[in-house]
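Data block below; observations after.
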């Protein structure tokens, strides 16, 4: 998730919101996700990788989300107590 470099606005927060929604949606498709801050730091330096991925010089990388098919499938998930919700 990248966007123009700006001293105003909430680009980093917006990028993480979009990445979070993408992660939730990916799980409904049976995909696994992983947030990767290392990629954000590495792409923060103006280098050939930015050009290779088509990121313009006036843009910065704000969030990175890895998406793929998990190698393992968990049979027993952690048990959780259902929340008591009262709608008024």
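Against the condition in contact with a helix residue (DSSP H, G or I) (Cβ under 8 Å, 6 or more places away or on another chain) and surrounded by 11 or more Cβ atoms within 10 Å (Cβ to Cβ), how does residue 63 come out, does it pass?
yes
Take the residues of the stretch 25-40 that are out of contact with any strand residue (DSSP E or B) (no Cβ under 9 Å at 6 or more places or on another chain) and assigned to a helix (DSSP H, G or I): which is nearest to residue 74 (Cα to Cα)?
28
Considering each of 22, 28, 33 in turn, give the residue that is in contact with a helix residue (DSSP H, G or I) (Cβ under 7 Å, 6 or more places away or on another chain) and at pLDDT 90 or above.
33
I need a count of the residues in the stretch 41-60 that are in a helix (DSSP H, G or I) and surrounded by 10 or more Cβ atoms within 10 Å (Cβ to Cβ).
Adding up the residues that qualify gives 6.
The values are calculated or read from the model by the stated rules, or taken from the named source; none is laboratory data. All values derive from a computational prediction rather than experimental measurement. Glycine gets a Cβ as well: all are built from the backbone with ideal geometry, and neighbour counts include every protein chain shown.
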